[in-house]
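The next block holds one structure in the form of structure tokens; read it before the comments.
Here, each number is a calculation from the coordinates, and none is a lab measurement. Computed from a predicted structure; not experimentally measured. All Cβ positions, glycine included, derive from the backbone under ideal geometry; neighbour counts span all protein chains shown.
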Amino acid sequence: MRVAPAAISWTAAILTSAVGTALLFSAEAGINWPIWVALASVSVLLSRLATRKKVEAPLIVLLTWATVLSFGLATSDNAMIRAPVVLSDAMLLGLAVLVIGAGSWSELSARLLAHVPYLAPFRVWRAALYEAAGAPRSISSPRASSIVRGVLLSAPLVILLFVLLGDADPVIRWTNDRITGWLPDWSFPPRMLFFVFLLSLTLGANSIALRQTAANFPPMRVPRLSTIGVLEQQMMLWSANVVLWLFVLLQISYFIHPPPASMNSGVTFAEYARRGFGELSFVATIVGAIILILEYTRPADATAPERQKLTRLELVLLLALELVLFSAFHRVILYEQVYGFTTARVFPQAYMVAMALALFALAIEVARGSISISFGRRVAEIGLGVFTVMVFWNYEAWIVNRNIDRALETGKFDGYYASTLSGDAIPTLLSRRGEIPTVARADWETRLACVSPPTERRWFEWNRSVRAADRALRTWNRPKCIDDGQWSEPSRRP
């Protein structure tokens with residue numbers, strides 16, 4: 001017997017919401033998040049297959065990426081990545097809802113991202129209300145339809161009355177306690193409200209996947225900016241080229257003949273070499289944005305020779321920006337070699353990599369003669385790709401390894417900073433503690449001795465990093481905890 005598509009959509013939505021409520025409500029972040037994201041993605045795919053018999057490539061890519069990224073909460077114990085991972089998953093799932101029906105990845109534009117936060121919830125909840133209102137009408141028998149409608153109206157009323165009367169009658173209270181005990185930790189009404197919230201999301205997304213035949217993109221017209229004359233654009237590009245290439249040539253000349261140790265500023269060249277990477281990254285970002293604006297504000301009546309000249313100036317400027325980013329990246333490396341490795345220095349390096357790739361993508365567009373819709377999508381892909389690498393790369397363990405390697409050469413190790421890292425770094429710290437200088441190790445071990453092993457987690461709260469840190473802490477012969485408030489952060493460079 002063939003199952004109706006609506007039944008598949010409803011069943012998948014209810015099961016997904018029930019599992020999500022059981023695993024996510026009042027729980028630690030762990031494997032429960034990727035389980036729910038995977039179920040929600042499969043639910044949408046099943047609903048799409050139920051009517052269309054095929055699933056479009058953009059929908060598969062976005063749902064798969066959301067599912068893969070969600071595993072970051074099961075592999076890392078770093079609190080800094082939790083909110084970004086959840087927000088990224090929400091954006092990917094919302095974008096998947098908006099592009100249902102799109103047959104090609106090339107149809108997508110980065111401008112869709114601006115519509116996701118408000119348009120995706122609106123469409124999902126509108127579709128959920130439509131499904132809920134139309135559920136009784138989908139039953140052919142009038143009597144059966146009346147029964148279903150009556151159950152839908154009566155069930156919430158019965159639940160509400162039982163909850164309110166529980167404090168007024170011991171028998172009803174006992175019944176409520178038995179029901180909540182039978183349904184593990186299903187506290188009413190908060191958990192039920194959470195279930196309804198998840199059901200509204202999954203049912204709405206399933207309904208759109210079930211009924212939408214073609215992509216329904218929002219209007220994405222970009223207002224035409226006022227044009228900037230060819231002469232003005234040439235002057236801006238020439239000015240930027242002169243300044244940036246002067247900077248690049250100075251950096252190259254320093255390899256041959258270093259400048260004076262001090263240029264009447266009290267700051268040595270070594271200090272200049274290690275500073276300024278933030279400013280250089282900002283310069284690359286600003287100038288890249290200016291090139292993009294100049295492309296959009298180019299006069300329509302510009303002649304072919306004028307366009308070619310502007311294109312060459314932009315390409316030369318983009319090459320200079322890539323060299324500026326390389327200089328900034330090198331400065332961070334010099335800074336780390338002198339003052340140590342920290343997340344505040346790793347994150348700018350990740351940004352520089354993403355920015356260099358984005359500028360390369362911009363150079364491809366400029367060389368082709370115009371900025372296409374693909375450019376914004378490529379930049380979004382680059383940003384999300386770099387973020388995904390950061391989520392699954394245990395950069396805190398890498399930082400600890402690099403700082404210990406540096407300590408073996410210099411004898412310097414920042415024990416206070418090591419103690420501020422998350423549980424991702426604990427196994428590496430303990431496994432290499434014998435290589436840390438004695439004074440720094442004693443300081444760091446005394447701090448870590450006051451860190452309790454992670455509390456016992458339920459199976460759906462499993463986290464690889466938490467488990468590894470727990471094993472490391474329990475097998476470590478820790479010193480006595482001294483918690484008298486004497487520890488204070490030493491002064492050090494950012």
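A few comments on the model shown:
- Where labels lie 7 Å past Cα in the beta-carbon direction, separation of residue 15 and residue 122 in nm: 3.4 nm
- Taking the convex hull of the alpha carbon positions in the stretch 371-473 and averaging its projected area over all directions gives 9.5 nm².
- For the stretch 301-321, backbone nitrogen atoms closer than 18 Å to the point 7 Å from residue 234 Cα along Cα-to-C-beta are found at 301-317.
- Residue-wise HN-Hα couplings along the stretch 302-316, as the Karplus relation 6.51 cos²θ - 1.76 cosθ + 1.60 with θ = phi - 60° gives them from phi, are 5, 6, 4, x, 5, 5, 5, 5, 5, 4, 5, 4, 5, 5, 5 Hz; Gly and Pro carry x.
- Trypsin sites (Lys or Arg not before Pro) within the stretch 48-127: DSSP coil, no more than 11 neighbouring Cβ in 10 Å: 53, 54
- For the pair the stretch 313-340 / the stretch 28-97, the C-alpha centres are spaced 35 Å from each other.
- Annotation for residue 347 and residue 312: the two label points, set 7 Å from Cα along the Cα-Cβ direction, are 4.3 nm apart.
- Put in line by how crowded their Cβ is, counting other Cβ atoms within 10 Å and starting with the fewest, 322, 396 read 322, 396.
- ³J(HN,Hα), Karplus 6.51/-1.76/1.60, whole Hz, each residue of the stretch 234-247, x for Gly, Pro: 4, 5, 5, 5, 4, 4, 5, 4, 4, 5, 5, 6, 4, 4
- Reachable aspartates and glutamates from residue 480, criterion Cα separation under 17 angstrom, eight or more residues apart if same chain: 443, 445
- Sparse-neighbourhood loop sites, GluC sites (Glu not before Pro) in the stretch 411-479 - DSSP loop, at most 16 other Cβ within 10 angstrom: 456
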